[in-house]
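Here is the structure we will look at.
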Amino acid sequence: MRRRVGCVSLVIALSFFTAVSNSEAVPLTVAYIDNATGMEWAQVADTTGFAWQQVAGVCATDGATACGANLAGVELTGWTWAQVTQIADLMANSTDLTLAQLSPTASALNSTWAPQFLSIFMPTITTASHRTVTGWAADGSVIDPRTAFSPEVVDAIIGMTDTAGRGALFDNQAPFAPLGSDTRGLWLFRPVSAVPEPSTLLLLGVGGAGALHWRARRTKRS
């Protein structure tokens, strides 16, 4: 009987872990923890391929409310879609780039801040002359209803100008529609340690199964 209860407990634990694993999309990589704000930022390159309108269907655009669903097997739930001002703060906090320089575009020949930023966030575009990380911001349409903010940092080769911009791009015209662009991701953040790791969830499942096992043994003895 004890062996049977033990097997049942193990099955419950494994089933719990399997259910958690299967119900969640591929988790995003945490690229940077901003100690100034207490937020962790997702790797932008993990979320390429979406159009602005697609993301707006599952994520709030207020820069405060967490996304309510995932997209195409990519984890968005629990992350907050950042607005341009929040992304500008990120750029300034993670490099020696100042907010004054980001109003609205920074540029410098062989800057230090561009390679700093690109050492944290993987490029979404790499060519022979530059590396760029660029992603949709949550602010929504600007200038034209077909346009959305797409902040970026460009690290150019030596002798060329680096830039940090917060420009707008057409999203519902080629090549961005209807599937978005594989060179643009999303700027997403969440409170540090907002979501437990799968290993933590497994421990919780094993702990729960252990409690059931102990209760079954106690009931039998009494």
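Derivation of every value follows stated rules applied to the coordinates shown; laboratory data play no part. Treat the numbers as computed from the prediction; the structure is a model and nothing was measured.
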Checklist outcome for this item: Note: Thr77 to Thr105 extended length (0.36 nm per residue) minus current alpha-carbon separation gives 7.0 nm
Next on the checklist: Could you give the length gained by full extension between Ala128 and Asp96, i.e. 0.36 nm per residue of separation minus their alpha carbon distance, to one decimal place?
Outcome noted: 9.0 nm
Checklist entry - Given a cut-off of under 8 Å on Cα pairs at least six residues apart, what relative contact order in percent is computed for region 29-194? => result 31
